[in-house]
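Before any comments, here is the structure.
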Amino acid sequence: MDAAEFRKRGKEMVDYIADYLEKIDKRQVFPDVEPGYLRPLIADCAPQDPESFEDVFKDIEKIIMPGVTHWHSPYFFAYFPAGSSFPSLLADMLCSGIGCLGFSWAASPACTELETVMLDWLGKMINLPEEFLAGKDGQGGGVIQGSASEATLISLLAARTKTIRRVQSEKAELTEADIMSRLVAYASDQAHSSVERAALIAGVKIKNVSSDDTFSVCGSALEKVLDEDTASGLIPFYFCATLGTTPCCSFDKLLELGPICNKENIWMHIDAAYAGSAFICPEFRHLLNGVEFADSFNFNPHKWLLVNFDCSAMWVKKRSDLTDAFKLEPVYLQHHHQESGLVTDYRHWQIPLGRRFRSLKLWFVLRMYGITGLQEHIRKHVRLSHQFEHLVLQDERFEICAEVVLGLVCFRLKGSDELNNALLKSINEAKKIHLVPCHLREKLVLRFAICSRTVESTHIKFAWQHISQLATDLLKTWEQTHHQQ
């Protein structure tokens, strides 16, 4: 394909994507395929000779689309939102076109510098304390990671290195292996599984801290487990606080937890993967109070700020905490500006070496929506979640299982897990909308997350009528079968 054909085909592809997104509500939200559906539809091995673009293009609808779950459909209410917008898609095209691997300042100065400035913009939008910003000569700063899971792992590894060095300086007789065997990290029993996975990768113990009746961790719960562990010779070194938990969007009590972590030399990382975007709205910013005690903070613009995956924003108070843990300087990666103190080499802030020019997406979206446009997007989703909550509360067969703060509603039929499982099964088998469940205090609960950029009040009403009708049908057969038994 030469440049002339690329121009032509590129325009066709943009039209195809625009049509796909404009008419996505006409597609069934969840696919009708069985595992292994794709292999029989394509050849056993790659073609010996080139095929035409037309041949490849016509196979998109034939082979790919039948197996796609349409995350951007207004009938998709599963997981949390996946960000997407036309400005972000265009920026992603430019990112691929430039095609740099921005592991160092010299590898592409604009790639590094725009990222530093965009993370400062974003930090100011959520009113992060000054020490998290790079500014002209700050000690902190932001970096774009691939996901919140990566940010958690990075912060945990940095905390591990920092703690080992501190303990060795205090007790020279202890080997690194001695210290490693005694390190312990903590997170809420509501925290995302990626926190446990980070500890698994890092080779350290992790313990759950019990959440209270609002599914939040408070200071006394953390203190209790810390006292027990220090008494038995363990070394607490890391706590991951969650703002907006995956099961029910609960918020750990930072103002109680932060001072404890600071006093006990425990690195506090805040995972606000979904909820963090809402902090651009003044009415939700109080949920971030206590961030001043944290060592690192992360949220995903690729969830709720209309930026396409992947773009996970992470800030640290002291960037040297990261770079000290990951810095290696082979001669082929060195450049003559690196010791000037004026440049950032992001390869020292992350797990991979290479990185894409992801800050372009932030730059396009922040400029073309503006803060007010993004605030309206968040507020609309929150309004719609309260609309759904209101509909649920009007039906006495159902109950709400956790406070609705942002764009997630946790609800269930009053009755057994078996009954709710049957309802969920009938919802997802009908394939008119898509939901996923969670467990709250051992109860199976249905999650209804407002996800699509294009979702409106009519889609919420449709979803509720559909759920309500399926519940009616289910309860009829349920009563009959259980009555017969």
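The values are calculated or read from the model by the stated rules, or taken from the named source; none is laboratory data. What you are looking at is a predicted structure, and each value in this text was computed from that prediction instead of being measured. Here the Cβ is made from the backbone with ideal geometry for all residues, glycine too, and neighbour counts use every protein chain on show. With ligands, DNA and RNA removed, areas are computed over all heavy atoms of the protein, side chains included. Shrake-Rupley method; radii C 1.70, N 1.55, O 1.52, S 1.80 Å.
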Exceeding the 23 Å Cα-Cα cut-off - candidates K432/K476; K26/K476; K253/K317 = K26/K476
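Cα gyration tensor of segment 3-82, axes a ≥ b ≥ c as square roots of the eigenvalues: rounded (a/c below 1.5), prolate (a/b > b/c) or oblate? Don't jump to the answer; show the numbers that get you there.
Values: a/c = 2.84, a/b = 1.28, b/c = 2.22.
In terms of gyration-tensor shape, oblate.
Is it possible to state the helix-based mean residue ellipticity at 222 nm for the chain, with each DSSP H run of 4+ residues giving -39500 (n - 2.57), the sum divided by total residues, to the nearest 500 deg cm²/dmol? What is it?
On the way: 14 runs with 209 residues, N = 485.
So the calculated ellipticity at 222 nm is -14000 deg cm²/dmol.
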query = Given (1) 1.00; (2) 0.96; (3) 1.03 as candidate values of Rg/Rh (Cα atoms, Kirkwood Rh), which corresponds to the one derived from the coordinates?
reply = (1)
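Need the full-extension length gain, D324 to T69, defined as separation in residues times 0.36 nm minus the C-alpha distance. One decimal, nm. Please list the in-between numbers first.
On the way: separation 255, 0.36 × 255 = 91.80 nm, distance 4.16 nm.
Using 0.36 nm per residue and subtracting the Cα-Cα distance, I get 87.6 nm.
Classify segment 100-356 from the C-alpha gyration tensor, please: rounded if a/c falls under 1.5, else prolate or oblate depending on whether a/b exceeds b/c.
Details: a/c = 1.91, a/b = 1.19, b/c = 1.60.
Oblate, because a/c is 1.5 or more while a/b does not exceed b/c.
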ask   = Just the accessible area per residue of the chain, please: how many Å² with a 1.4 Å probe?
value = 48 Å²
inquiry  = At a threshold of 8 angstrom on Cα-Cα distance, excluding pairs fewer than six apart, so keeping six or more, what relative contact order does the chain reach in percent?
reply    = 22 percent
remark   = Rounded to the nearest Å, the spacing of the alpha-carbon centers of segment 107-148 and segment 38-59 is 43 Å
query = Just how far, in whole angstrom, is segment 260-284 from segment 403-446 if you go by their alpha carbon centroids?
reply = 28 Å
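Relative contact order for segment 74-144 using alpha-carbon pairs under 8 Å, separation at least 6, rounded to a whole percent?
Details: 48 pairs, mean separation 13.2, N = 71.
Here the relative contact order equals 19 percent.
Below 12 angstrom from the Cβ of A241, what's the summed charge of the other residues (Lys, Arg +1; Asp, Glu -1)? Working shown, then result.
Numbers: positive: K253; negative: D252, E256, D271, D295.
Its environment carries a net charge of -3.
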ask   = How much solvent-accessible surface does C45 expose, in Å² to the nearest 10, with a 1.4 Å probe and all protein chains in place?
value = 100 Å²
task = Rank these by accessible area, largest first, 1.4 Å probe: T112, T458.
result = T458, T112
message = If I ignore ligands, DNA and RNA and count only protein heavy atoms, how much of I98 is accessible to a 1.4 Å probe, in Å² to the nearest 10?
response = 80 Å²
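Ignoring ligands, DNA and RNA, please state the percent of accessible area on the chain from carbon and sulfur, probe 1.4 Å. Don't skip to the answer; put the middle values down first.
Details: 12730 of 23060 Å².
Carbon plus sulfur share of accessible area: 55 percent.
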query = Accessible area of V56, 1.4 Å probe, to the nearest 10 Å²?
reply = 90 Å²
inquiry  = Please identify the DSSP H helices in the chain that span no less than 30 Å along the helix axis (Cα) and have a mean Kyte-Doolittle hydropathy of 0.0 or more.
reply    = 359-393
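Going from most exposed to least, what order do R367, R27, R347 have by accessible area with a 1.4 Å probe?
On the way: R367 150, R27 65, R347 15 Å².
Descending accessible area places them as R367, R27, R347.
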request  = Report the FRET efficiency, 1/(1 + (r/R0)^6), for Y20 and T472, where r is their Cβ-Cβ distance and R0 is 41 Å, rounded to 0.05.
outcome  = 0.75
